[in-house]
1. Only one residue in 76, 80, 64 is of a type outside the set (A, V, I, L, M), outside any loop (DSSP other than H, G, I, E, B) and open to solvent by 30 Å² or more (accessible area, probe 1.4 Å). Which one?
2. Which strands (runs of 3 or more DSSP E) does region 115-210 wholly contain that include 1 or more residues that are without any contact (Cβ under 8 Å) to a residue 40 or more places away in the chain?
3. Can you tell me which residues in region 120-133 are farther than 16 Å from residue 207 by Cβ and either in contact with a helix residue (DSSP H, G or I) (Cβ under 7 Å, 6 or more places away or on another chain) or open to solvent by 10 Å² or more (accessible area, probe 1.4 Å) (or both)?
4. Return the pair list, or none, for Cβ contacts closer than 7 Å from residues in region 231-259 that are over 23 Å from residue 50 (Cα atoms) and at pLDDT below 95 to residues that are of a type outside the set (Gly, Ala, Ser) and open to solvent by 30 Å² or more (accessible area, probe 1.4 Å), at least 6 apart or on different chains.
5. Within region 179-193, can you find the residues that are under 24 Å from residue 151 (Cβ atoms) and surrounded by 14 or more Cβ atoms within 10 Å (Cβ to Cβ)?
6. Consider residue 33 against the criteria (1) within 19 Å of residue 234 (Cα to Cα); (2) in contact with a strand residue (DSSP E or B) (Cβ under 6 Å, 6 or more places away or on another chain): it satisfies all of them except one. Which criterion is unmet?
7. Can you find, within region 214-251, the residue that is surrounded by the fewest Cβ atoms within 10 Å (Cβ to Cβ) among those that are over 21 Å from residue 186 (Cβ atoms) and among the small types (Gly, Ala, Ser)?
8. Restricting region 83-97 to residues that are of a type in the set (A, V, I, L, M, F, W, C) and assigned to a strand (DSSP E or B), which is surrounded by the most Cβ atoms within 10 Å (Cβ to Cβ)?
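The values are calculated or read from the model by the stated rules, or taken from the named source; none is laboratory data. These numbers come from a predicted model, not from an experiment. So basically every Cβ, Gly included, is an ideal-geometry build from the backbone, and we count neighbours across all protein chains shown. Surface accessibility is based on the protein's heavy atoms, side chains included, excluding ligands, DNA and RNA. Shrake-Rupley method; radii C 1.70, N 1.55, O 1.52, S 1.80 Å.
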Amino acid sequence: MKRTILLLFFTTCMFTLQAQYSPQFKLAWAEEFNYEGLPDTAVWGYETGYIRNHELQCYTNNAENARVENGCLLIEAIKEKVDTFLYTSASINTLGKKEFFHGRIEVCAKIPTGKGAWPAIWMMGTDRPTVGWPECGEIDIMENVGYDPKRFHATVHTPGSRKDPDAVIRSNSILLPDAYTNFHVFAVEWHEDRLDFFVDEKLTLSYRKDETLPQYWRFDKPHYLLLNLAIGGAWGGAHGIDDSIFPLKYYVDWVRYYN
């Protein structure tokens with residue numbers, strides 16, 4: 001059962017979402033985090049160590065950095081030295097366990113903030129281990145960097161955008177003044193010919209397939225979901241890191257997939 005303090009939010013939110021859904025979308029799977037302890041290993045795996053983007057955290061599979069409690073997934077970044085790293089955090093994902101193709105993927109989350117924080121909700125093609133990035137395609141449902149705390153981004157990455165990033169409109173952002181005190185729903189509706197991104201049912205970006213620009217579309221195949229909290233890095237650390245923000249807590253109340 002969800003926490004009492006959030007019942008009004010979820011009742012209102014669910015009414016809006018159910019009213020907005022197109023009839024073709026039916027709930028196919030949900031992770032409600034209605035248990036305690038480590039994330040369900042049937043659904044979630046971990047990235048560990050150093051992974052990407054010149055980030056400064058060590059990703060772990062420890063309960064201190066990723067656990068389920070009080071009806072939410074909690075990803076926690078901690079200032080602590082591990083080997084050559086000064087911070088630990090978590091990045092959990094569904095690679096090899098759960099994949100998504102077309103339909104609607106939505107995540108209800110409360111985002112942490114502070115200079116140096118870089119939380120994200122995103123997807124990559126399940127063929128990433130063999131074809132690499134950006135050939136696998138990347139769908140960024142939500143990204144936020146702590147030095148610009150009210151701005152939330154939706155972005156698409158493909159081989160075309162890597163080679164010529166400004167050739168097509170592939171990113172947009174929205175301002176949310178209360179994302180650190182309230183939960184919001186971040187979603188993508190994945191159609192055969194487009195990706196539509198939403199924040200609380202507000203359309204923020206529509207990315208369309210163009211047959212004349214095949215290098216900008218890598219979304220005719222399944223993707224897996226990632227939830228992570230990075231520290232520093234090429235984007236998140238562009239204005240440094242404020243060590244007073246730690247420990248930093250990122251809450252995810254649920255993940256739902258409609259097809």
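1. Details: 76 fails: open to solvent by 30 Å² or more (accessible area, probe 1.4 Å); 64 fails: outside any loop (DSSP other than H, G, I, E, B).
That would be 80, the only listed residue that is of a type outside the set (A, V, I, L, M), outside any loop (DSSP other than H, G, I, E, B) and open to solvent by 30 Å² or more (accessible area, probe 1.4 Å).
2. Passing ranges, in order: 138-143, 151-157, 171-175, 194-199, 202-208.
3. Within region 120-133, 126, 127, 128, 129, 130, 131, 132, 133 qualify.
4. Close Cβ pairs satisfying both conditions: 259/26; 259/102.
5. So in region 179-193, the residues under 24 Å from residue 151 (Cβ atoms) come out as 179-190.
Across region 179-193, the qualifying residues are 179, 180, 183, 184, 185, 186, 187, 188, 189, 190.
6. (1)
7. 244
8. Within region 83-97, the subset of a type in the set (A, V, I, L, M, F, W, C) is 85-86, 90, 92, 95.
Right, trim to assigned to a strand (DSSP E or B) and you get 85-86, 92.
Values: 85: 18, 86: 15, 92: 23.
Per the stated criteria, the residue is 92.
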